[in-house]
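J.: Attaching a single structure in structure tokens format; questions to follow.
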């Protein structure tokens, strides 16, 4: 696991689309997932986050060969809850499902929380699809609590999300 740079943008875009499809294929519309990935999981978007001093992008790679396995993005909050300068949003935390139960998710979260603290932040916010019980349970085990709701557009379909927060 390492901090990503703009040069990692293609690998980040690839693992972002792979993990989103992995997580939601058969749950959300395939056409909506493909459109969402094409619009939001671009190398340009990841290069911008990796180059932004207000953001931290972490990439988890396979020990053998360096293939991307998962990632996180910490950035300026864009959620419909009251925020202040001490807040940061964990905009993305994803890994390939074959690694569920391996401890990688907890390691990614621990790294994100440590990075947020190092940035002087005091609270981490995140949004999660309301129907994703596995992710919600993981966040709650990590000490996150519900702080609000939002509507989130995937492709052409709006979904109900929960917003979680955790003091750090």
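J.: Among the residues of the stretch 92-101, how many are part of a strand (DSSP E or B) and more than 16 Å from residue 168 (Cβ to Cβ)?
T.: Initial filter on the stretch 92-101 (part of a strand (DSSP E or B)): 92-95.
Now restrict to residues that are more than 16 Å from residue 168 (Cβ to Cβ): 92, 94-95.
The qualifying residues number 3.
J.: A further question on this structure: With respect to the numbered conditions (1) without any contact (Cβ under 8 Å) to a residue 24 or more places away in the chain; (2) more than 19 Å from residue 14 (Cα to Cα); (3) out of contact with any helix residue (DSSP H, G or I) (no Cβ under 6 Å at 6 or more places or on another chain), which one is the sole condition not fulfilled by residue 55?
T.: (3)
J.: Mind checking which residues of the stretch 102-129 are outside any helix (DSSP H, G or I) and either at pLDDT below 95 or closer than 19 Å to residue 77 by Cα (or both)? Give the steps one after another, and end with the answer.
T.: Let us first name the residues in the stretch 102-129 that are outside any helix (DSSP H, G or I), namely 102-103, 119-129.
Within the stretch 102-129, 119, 120, 121, 122, 123, 124, 125, 126, 127, 128, 129 qualify.
J.: Sort out which residues of the stretch 3-30 are within 21 Å of residue 129 (Cβ to Cβ) and touching a residue at least 40 places away in the same chain (Cβ under 8 Å), and write them in order of number. Explain how you work it out, then say what you get.
T.: First, the residues of the stretch 3-30 that are within 21 Å of residue 129 (Cβ to Cβ): 12-13, 15-30.
Within the stretch 3-30, 12, 15, 16, 18, 19, 20, 22, 23, 24, 27, 28, 29 qualify.
J.: Out of the stretch 101-130, which residues are without any contact (Cβ under 8 Å) to a residue 24 or more places away in the chain and either in contact with a helix residue (DSSP H, G or I) (Cβ under 6 Å, 6 or more places away or on another chain) or closer than 17 Å to residue 56 by Cβ (or both)?
T.: Selection gives 110, 114, 118.
J.: Quick check on this structure: which one of 16, 48, 23 is surrounded by fewer than 22 Cβ atoms within 10 Å (Cβ to Cβ) and modelled with pLDDT of 95 or more?
T.: Values: 16 fails: surrounded by fewer than 22 Cβ atoms within 10 Å (Cβ to Cβ); 23 fails: modelled with pLDDT of 95 or more.
Sole residue among the options that is surrounded by fewer than 22 Cβ atoms within 10 Å (Cβ to Cβ) and modelled with pLDDT of 95 or more: 48.
J.: List the number of the failed condition for residue 60; all other conditions in (1) more than 19 Å from residue 161 (Cβ to Cβ); (2) surrounded by fewer than 22 Cβ atoms within 10 Å (Cβ to Cβ) hold.
T.: (2)
The values are calculated or read from the model by the stated rules, or taken from the named source; none is laboratory data. All of these numbers come straight from a predicted model, not from anything done at the bench. Counting neighbours? That spans all protein chains shown, and the Cβs are built from the backbone with ideal geometry, glycine included.
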